[in-house]
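Chemist: First the structure, which I've put down as structure tokens, then a few questions once you've had a look.
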Amino acid sequence: MSQHKPFVHLHVHSEYSLLDGLSRLDHLAERAKALNQPAIALTDHGAMYGVMPFYRTCKAHGIKPIIGIETYVAARRMQDKDPQLDRERFHLLLLAENQTGYQNLLKIASAAQLDGYYYKPRIDHEFLAQHSAGLIATTGCLAAEIPRAINQGNMDKAHELMSFYLDVFGPDRFFIELQEHDIPELTKVNNELLQMAKKYNLRFLATNDVHYTTPEEADPHDVLLCIQTGSTINDPKRLRLSNKEYYLKSYEEMEKLFGHIPGALENSLLIAEMCNVDLEPKGYHLPIFEVPTGKTPHQYLRELCEKGLVWRYGEERARTDQVLRDRLNHELNIIHKMGFDTYFLIVWDLCEFARKADIWWNVRGSGAGSVVAYTLGITSIDPLKNGLIFERFLNPGRVSMPDIDLDYPDDRRHEMVEYAVKKYGQDKVAQIITFGTLGARAAIRDVGRALDMPLSQVDEIARMIPAIPGKPVKIKNVLDKEHEFYSAEFEQKYKSDPKIKQLVDTAMQLEGVSRHASSHAAGVIISDKPLVEYVPLNRPTSGETGLGGIRSVTQWPMEIVESIGLLKVDFLGLSTLTVLRKAAQLIEERHGVKYTMDNIPYDVGQVGPDPDKKPEALFEMLSRGEVLGVFQVEGAGMRRLMMEMKPQRFDHIIAAISLYRPGPMENIPEYIRRMHAALFEGKDIVEYHTPELKPILEDTYGILVYQEQIIRIASELAGYEPGDADMIRKAVAKKKKKLMEEHRIKFTEGAMARGFSREVCEAIWGDIEFFARYGFNKAHAADYAVITCQTAFLKAHYPVEYMTALLSVERDNTDKIAKYLAEARRMGIEVAQPDINQAILDFRIEDNAGQPVIRYGLGAIKNVGEGAVELILAEREENGLFADLRDFCKRVDLRRIGKRALESMIKVGVFDRWGTRPQLLDGMDRMIAYSGQTHEAAAAGQMSLFGGEMAAKVEVEVDLLRPSSAVPAIKHRQILDWERELIGVYLSEHPLERALAQLKEQISVTTVDLNATWNGKIVRMAGMIASLRTHTTKKGDPMAFAELEDLEGKVDLVFFPRTWQACRDSVKVDQIVVLTGKVQARGDELTILVDSVQTNVQVAKPDREVEETAESNPEIRQKTPSPVPTTKSIQERSPVYTPPPPPPNFEETSEAQLSRVPVATPKANVRTRPANGHRNGNGNGNGNGRLLIIEVKPVAFWKETCRQALTLSAEYADGNDSLKIILAGQKLAMEFPNHHVRVCPELLDRLRGISGIARVRATR
């Protein structure tokens, strides 16, 4: 039993007085209980952020929570925001006496934020008077109105204010607050307040201005104030508290300060007795949804579902399928009993609006398990066909709000929010607040700055703490020898260096503290009444309005607002939906085929708007590993999985998404083995514990993958209700041993009662216990698998349109642009540089001699804002293409474009049609000056000297560009580097492209393939040293850090002393190297620990250089060996040119098999030409025919593609055109001098339809 006398602290700041208070809410409650204090108040600065967790933690500790706020009072009206007159504001302590007072606190906290914010959230006297009922107030701290007037010697003002507060609150609800913090001004104020209390017959209240919980937190709190103000502890002028006494004191400590003041301590208990507020949730507060007259929400929901049943399943099945009807009735009954009819109508209404507005959406989460949601058109997956369970979504055994998360295109989701605001009212809709906290690394860095420590030293310590997404690491974990993240080096530094110990100890005390408020990216609250009746509101955390024009944000985070019964709707943004929609628009424009989110095929057997486009192609493409730009599978790990799995159906993609996670990943090889045996060998090699498991596990080849399978096993084998069965999953996932044991007994007894042996029951339970920890929600995986397959379908069948859409959506992400441009080129799609007369804001498709070309978008150039681009495009749209540079300068005011934007456009070739880039850069200032003078003159009306028919224009003659010979040259590499800097890629030509093409067979991996799964593996890479920094170890040994760049990206290198000693003289910046090393992964950070380097790399000249050299130099041409006579197979080649072997994973069949095609035998491609300049084998030999070039993708079935192309072209042998087949990117080319073809549109189209052909073109 505590020996302390009771006392109640009524002026308390928590960590939710952001960066001003340090008290953790649970610590406050624990400390109050330890000090025998029956109650405690929370009075954070200007907000009620922590009220609900404070209320709940106090209740849990047996402490009475007092709800309050220390609000700010404006110097004048709360709407006044004059920088001279309204910078000053005053503090005011308010406590809720009852529910009315609590409601008024909500209104005060909200209005201060939404209407009175000026540096701080403020109210004024008028608003206070109107909302004072049920509130208790005090004279406040030294920063309050009355103490401030006293301190300024303005006693008349002090008495005037005292009268005002007494009029508003009365003597029973207004107290004289006394504090003592070693501040001379405070002593003066207290003495005056003692006298005023006698005059007005008011009671005293002793408080401590609590900002941290215990005396030991005084120094960490001092550091926290430094973090808030951006100062250091060595700054004598920094903000700091007057002493180290701002903690939760005991009665005895308070008695020493105010024991002589009658009632000052006892009145804290009196006020605590006066205050009684109940914040327990009171049901749900769903928005009111208007249904047709005469119908209840339940009746209307059923009516919509019955119509949807016919739409989804056909009239016959909707009427006669009893299983289907039972499922629908079962779901509707549960929904009605739980009171969620309106919820489904609200979500249906949102989807209906989206459908009518052509806004695509996707449902994520377990909602796809509902037939009701499917028939309403909310979801797009048949839950019966896909084995999805309703109780995984809505379990009658746990009463909680359903949660249907909706993904919308990220460029249109604001329209959805605008609709919700318009339908339900601005005062009933708000975004949700989130609080950023000090993570381990951030705490180290912030504290280090506040302690004025060297940044390099602080950064070194911070980097020792692992940063793993989804797995936050605490500082104490790194010091715990039993923890997986323990670091001996970190502990050694901590124990050996007092300054580092101070840094780490302080950071540990600040770690996890709320640092700032922001808005949830997608969460929106919608209620039946004005939200201020349920929750305090905040102004938008950035800008005047939030998402979709919302003007308020809840002061409580998502888990709190949901727990008090408010409806949360997640309006999530998914850029992939934008890609799909843009691709569909391009397809409709170019091919007249209309795809929607409902008709893009995603499984075999489905037929889209173009019946010739089969879904099988998408699975073939994924099996080849062509996954870049495909939703969910474009990472290196998923790419390998697709190539190993070779998925054939939609359910294989669902399984892949579910299995590719830590834990289940170990089942992937066995899944693939069983799958391939079933599909490719016709064998069922799965052994089940009992035949009754086969219908449940058959689609995953006997492996437990999905949570829904666990529910079915418990239901069908042990008699569980589906809702109870879902509790098994939760018990196992959360490792609740007692509950798991209860379920084990219940499962065993139930299964044995149905005739299963104990041995079988125990075996099944063992599987459940193991797999339930990792089981994935099949409904969620299926939702995303649909998008995976739909994106793959469009990429497989409409590659140009899909890649154009992808590039447009990702135009601001230069890393992705680089990858996708490389992918487009690999697919044989030409990408043209941005051009002033051709480019638009986004990427676009142009036709060049019958071949589609993707034109780079102006909006994707760095430093060129959308406004500048729109200015150019508007002028071009209105008055036509720009004739020349002078015309462009006259028509577009370059002052509005901006010099930086203009320079960036020049550097990437936007104006190449009018001059070289050095010329244009040299003339840029003249261009801007000329444009400015022209537009100034036009604005002044000076350009027209004569009116009417005699009108004439005076133009200033000026040479905008100097001759190229007069302009200093710029290195070609510099121009390429500008392209890389400003558009993310080397668009004209990658400086490594020629070199790395010859080194491809010497490497095992490129930067695009690297991820954390390569950790610890030895790799061989080629690229260019992009940067290099030397370093000396503590032992004095030299080492180096560098960046290696290849065609796809960059990776960090570390040369330890031994390696660096061996290669330091040859490794330089811009040096092309082939290196071997080990991958080291720390979170997302990948590094290659270099073991050996080869710099003397022999790189063959590009083919075109060999051709040019051979033609221009007779001696070389004479030395070039003659072609080997035509032979029977491609294997018999000229010794002059031996192409590198095909990429890894090519089938092992001999290339000689190509000769089985009954056409003329190919000649090895020796890069020489006859003296007359005509092509060898031109058909007629006169050089007048065309050359048909077929580029084949270098993938596993390339030989089959070649055979198909030769067979097809043989059908058009009645022409004089010749044929060449190129293996794209492999320098392997085959010419057919005796195989004539007739090039025509029909042949070109048929060739392009062959899977595996990258590009087909005809040239003269």
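Chemist: Given Cβ point charges of +1 (Lys, Arg) and -1 (Asp, Glu) and nothing else, what value in debye, to the nearest 20, does the dipole of the chain about its Cα centre take?
Modeler: Dipole of the chain, to the nearest 20 debye: 2220 debye.
Chemist: Then there's this: With unit charges on the beta carbon (Lys/Arg positive, Asp/Glu negative), name the residue among Gln1080, Gly314, Ile840 whose Cα is farthest towards the positive pole of the charge dipole of the chain.
Modeler: Positive-end residue among those listed: Gln1080.
Chemist: Less than 16 Å apart at the alpha-carbon level, and either on another chain or at least 8 residues along: which aspartates and glutamates does that give for Lys422?
Modeler: Excluding near neighbours in sequence, the set is Glu290, Asp349, Glu352, Asp528.
Chemist: Under the Karplus relation 6.51 cos²θ - 1.76 cosθ + 1.60, θ = phi - 60°, what is the ordered set of whole-Hz ³J(HN,Hα) values for the range 1015-1030, x standing for Gly and Pro?
Modeler: Here the 3J(HN,Hα) series is 3, x, 8, 8, 10, 10, 10, 10, x, 10, 6, 8, 8, 8, 9, 8 Hz.
Chemist: How high is the relative contact order of the range 581-792? Use alpha-carbon pairs under 8 Å, at least six apart in sequence, and give a whole percent. List each step's numbers first, then the result.
Modeler: Values: 255 pairs, mean separation 48.5, N = 212.
The normalised contact order for the range 581-792 reaches 23 percent.
Chemist: Turning to a different aspect of this structure: Using θ = phi - 60° and the Karplus curve 6.51 cos²θ - 1.76 cosθ + 1.60, what whole-Hz ³J(HN,Hα) does each residue of the range 217-232 get, with Gly and Pro shown as x?
Modeler: Using θ = phi - 60°, the values come out as 8, 5, 5, x, 5, 4, 5, 4, 5, 5, 5, 4, 9, x, 10, 10 Hz.
Chemist: Past 20 Å, Cα to Cα, is the threshold; run Lys582/Lys795; Lys907/Lys971; Lys59/Lys282; Lys198/Lys256; Lys307/Lys428 against it and keep the listed order.
Modeler: Result: Lys198/Lys256; Lys307/Lys428 exceed 20 Å.
Chemist: Using 10 Å bins from zero, what percent of all Cα-Cα pairs in the chain falls into each bin?
Modeler: Going out from 0 Å in 10 Å bins, the chain shows 1, 7, 12, 16, 18, 17, 13, 9, 4, 2, 1, 0, 0 percent.
Chemist: Further, regarding this structure: Mind checking the angle between helix 498-510 and the chain's longest principal axis? C-alpha axes, 0 to 90 degrees, to the nearest 10.
Modeler: 80 degrees
Chemist: Using the Cα centre as the reference, give the magnitude of the dipole from point charges on the C-beta atoms of the range 378-417 (Lys, Arg: +1; Asp, Glu: -1; all else neutral), rounded to the nearest 20 debye.
Modeler: 240 debye
Chemist: Still on this structure, I have one more. Could you tell me which residue out of Leu996, Leu1089, Pro1038 lies farthest along the dipole of the range 993-1094 toward its positive end? Charges go on the beta carbon: Lys and Arg +1, Asp and Glu -1, centred on the Cα centre.
Modeler: The listed residue farthest towards the positive side: Pro1038.
Chemist: Ranked highest first by average number of other Cβ atoms within 10 Å, how do 1002-1014, 358-370, 335-347 line up?
Modeler: 358-370, 335-347, 1002-1014
Chemist: Let me know the charge dipole size of the range 830-983 about its Cα centre in debye, to the nearest 20, where only the beta-carbon of Lys, Arg (+1) and Asp, Glu (-1) is charged.
Modeler: About 520 debye.
Chemist: Take each of the peptides 748-761, 389-402, 41-54, average the number of other beta-carbon atoms within 10 Å over its residues, and list them starting from the highest.
Modeler: 41-54, 389-402, 748-761
Chemist: Mind running the shape call on the range 993-1094? Use the C-alpha gyration tensor, a ≥ b ≥ c as the square roots of the eigenvalues: rounded below 1.5 for a/c, prolate if a/b tops b/c, oblate otherwise.
Modeler: In terms of gyration-tensor shape, oblate.
Chemist: Of Thr213, Asn813, Gln3, which is farthest along the charge dipole of the chain in the positive direction, counting Lys and Arg as +1 and Asp and Glu as -1 at C-beta?
Modeler: Asn813
Chemist: Checking the table Lys385/Lys683; Lys816/Lys1199; Lys64/Lys107; Lys613/Lys1220 against a 26 Å threshold on Cα-Cα, which pairs fail?
Modeler: Working: Lys385/Lys683 24 Å; Lys816/Lys1199 31 Å; Lys64/Lys107 23 Å; Lys613/Lys1220 28 Å.
Beyond 26 Å: Lys816/Lys1199; Lys613/Lys1220.
Chemist: May I pose another question? Pull up the DSSP beta bridges for the chain and report the antiparallel fraction as a percent, rounded to 5.
Modeler: About 70 percent, rounded to the nearest 5.
Chemist: While we're here: Give the lysines whose C-alpha is closer than 22 Å to that of Lys738, dropping any in the same chain fewer than 8 places away, or say none.
Modeler: In chain and number order, the partners are Lys730, Lys746.
Chemist: Right, next: Given the -39500 (n - 2.57) contribution per DSSP H run of 4+ residues, what per-residue ellipticity at 222 nm results for the chain, rounded to the nearest 500 deg cm²/dmol?
Modeler: Calculated at 222 nm, the ellipticity per residue is -12500 deg cm²/dmol.
Chemist: Taking other Cβ within 10 Å of each residue's Cβ, how do Thr1033, Thr293 sort, fewest first?
Modeler: Thr293, Thr1033
Chemist: Now a separate question. Counting only other residues whose beta carbon sits under 12 Å from that of Glu1043, what net charge do I get with K and R as +1, D and E as -1?
Modeler: Value of the local net charge: -2.
Rule-based calculations on the coordinates, nothing more; no lab input. Everything quoted here is computed from the prediction, not taken from an experiment. Here Cβ is always computed from backbone atoms with ideal geometry, including for glycine, and neighbour counts include all displayed protein chains.
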